[in-house]
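Working notes, structure below.
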Amino acid sequence: MNYNFEIVVVGGGPAGIAAACAAAEQGKSVAIVDENVGPGGQVWRGERTQQGKCDSTSPSYWFRRLKDCPLIRQFFGWRIFDAPAFGILRSEQQGECIELGYKRLVLATGARERFLPFPGWTLPNVMGAGAIQVMVKSGLPIRNKRVVVAGSGPLLLAVSAYLRQHEANVVAIYEQTSWINLARFMGGITGSPAKLVQGLQYVWKTFGIPFRAGCWPIAVHGKDRLQSAVISNGTKQWELACDYLACGFHLVPNIELASLLGCRIEGTVVEVDSLQRTSVDSIFCAGESTGIGGLEMSLLEGRIAGLASAGDHIGAEALAQQRGKMLRFASLLAKTFALRSELKSLSRPDTIVCRCEDVPFELISRHNSWRSAKLHTRCGMGACQGRICGTALEFLNGWIADSIRPPIFPAPLSSLAVDRENLVHNHLDT
Ligand SMILES: Cc1cc2nc3c(=O)[nH]c(=O)nc-3n(C[C@H](O)[C@H](O)[C@H](O)COP(=O)(O)OP(=O)(O)OC[C@H]3O[C@@H](n4cnc5c(N)ncnc54)[C@H](O)[C@@H]3O)c2cc1C
């Protein structure tokens, strides 16, 4: 089935919702697509319209605005896996494949957690910090479970607060960055009262949970599931009994679709100008795929991209003025939570690095590039397509993937077998 829209927005998180609403309110026909079954992205996953406050950063406000836009067609539960020609995206849901035609495209594909391999990290109950939050939102019973939270980034506090609210026993929080970096971070946000209040709220909500900076997990023990986590501060090590280890090392932008479409990548983020235009004409990008900057920045960038893609450059430029302060916050986040070099030596020869294809560190370390390791060991060729091991190896070995090919997500053969030539002509004919 083929559908055509003036604007297609990929990503139903805060940036995507804001972009879709801004564009549709300018009278454009808009599609919003997300692999999740409902809107919200990472931070608002599972929230409902009726819940909580209703200011311009709340899910209730944006969900209602999305619902009230008759020009937006919603495709939730659909994952974009290919872009066979300019103006066409291919999307898949449980074996069914559709084509979405667009004149302008907004990419709002967000970010994911960074995982680093260490001995035992593939044991059951060792999870990403954001991942355990998602599981609890989906019904994982967490009451009275002992959870150690470790890794890096503001997400650790957000998740600890959430777990405590759901009656987990959060044993301790370990942040790999130093106290000095955290103090500089707090100093850096004093000029931004909203961020300061948000930070202090998390401190209040996690009050009483031991918090240690300059500490990180080095191993976990357990027979068929996690029983304890070993933590180090570089000079001492100690072991803590726990039921779960919630562990993520800050976030990495999802840039695969932008790369496939030929958008220029700057370091690890999609390069955009002040109106969120990428290097490819008619393609815009907003939210955490352009850099990790938090909810407010995603919403603002989404609004700018929505207006600019709909042709309202004056409105977009007016909003773009507010972006400077947020970019400074994003750069402060990146500096504060940059990973320490000790984390590069956590893997042992038999530590699995690519968990999809079971490839140990020993085999990978015989190679000198991502391509060579991939071709000889199959690392990065499994279901996650290198989203986990590729990101880890970028930090561990400085390897960058030199090409991206469709499908960017696994898709059934029936969806892959659709004739590309026919497809392009069908879209042109409609
Ligand atoms: C696991 C996790 C948990 C987080 N929890 C919190 C929290 O509790 N509190 C907090 O303040 N911040 C949290 N954050 C940070 C938060 O994500 C951002 O501040 C904000 O939500 C970013 O909004 P966004 O719209 O840019 O991206 P996201 O919210 O990440 O939205 C991007 C959306 O794009 C979709 N997508 C990507 N690629 C495709 C594709 N090819 N096809 C279809 N859909 C696609 C994804 O499914 C996702 O829903 C979390 C981040 C992560 C990674």
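Each value in this text was obtained by applying a stated rule to the coordinates, not by laboratory testing. Because the structure is predicted, anything quoted here is derived from the model rather than measured. Backbone-built Cβ (ideal geometry, glycine too); neighbour counts: all protein chains shown.
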Connecting C-alpha atoms closer than 10 Å in a GNM of the chain, tell me which of Ala229, Ala318, Ala338 has the biggest fluctuation. Ala318
If the convex hull is drawn through the Cα atoms of the range 55-143, its volume per residue in Å³: 202 Å³
With a/c under 1.5 counting as rounded, go ahead and sort the range 344-397 into rounded, prolate or oblate using the C-alpha gyration tensor (a ≥ b ≥ c being the square roots of the eigenvalues; past the cut-off, prolate if a/b is larger than b/c, else oblate). rounded
Normalised by the residues of the range 344-397, what does the relative contact order come to in percent, with Cα pairs under 8 Å and at least six apart? 32 percent
What is the sum of charges around Pro70, taking Lys and Arg as +1, Asp and Glu as -1, for the other residues whose C-beta is under 14 Å from the C-beta of Pro70? +3
Connecting C-alpha atoms closer than 10 Å in a GNM of the chain, tell me which of Asn368, Asn36, Asn125 has the biggest fluctuation. Asn368
If the chain between Gln165 and Ala383 were fully extended at 0.36 nm per residue, the gain over the current Cα-Cα distance would be 75.1 nm
Projected label distance in nm at Glu317 and Asp350, using a 7 Å step from Cα toward the beta-carbon: 6.4 nm
Qualifying lysines (Cα of each under 21 Å from Cα of Lys137; at least 8 residues distant if same chain): Lys53, Lys145, Lys205
Expected max-MSF residue from Val147, Val43, Val270 in the GNM of the chain (alpha carbon, under 10 Å) is Val43
Please determine, in degrees from 0 to 90 and to the nearest 10, the orientation of helix 323-336 with respect to the longest principal axis defined by the Cα atoms of the chain, where the helix direction is its Cα long axis. 30 degrees
In nm, the gap between the two label points placed 7 Å beyond Cα toward Cβ at Met135 and Arg225 is 0.9 nm
So for the range 265-366, using the alpha carbon gyration tensor with a ≥ b ≥ c as root eigenvalues (a/c under 1.5 gives rounded; past that, a/b versus b/c decides prolate or oblate), I'd call it prolate
Would you work out if the range 115-249 is rounded, prolate or oblate? Take a ≥ b ≥ c from the square roots of the eigenvalues of the alpha-carbon gyration tensor; rounded if a/c is under 1.5, else prolate when a/b is larger than b/c, oblate otherwise. oblate
Can you find, among Gln133, Gly293, Cys384, the residue farthest towards the positive end of the dipole of the chain? Put +1 on the C-beta of Lys and Arg, -1 on that of Asp and Glu. Gln133
Just flag the trypsin sites (Lys or Arg not before Pro) in the range 362-422 sitting in loop per DSSP whose Cβ has no more than 15 other Cβ atoms within 10 Å. Arg366, Arg378
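By count of other Cβ within 10 Å, fewest leading, how are Ser309, Ser369 ordered?
Numbers: Ser309 32, Ser369 15.
Exposure proxy ranking, most exposed first: Ser369, Ser309.
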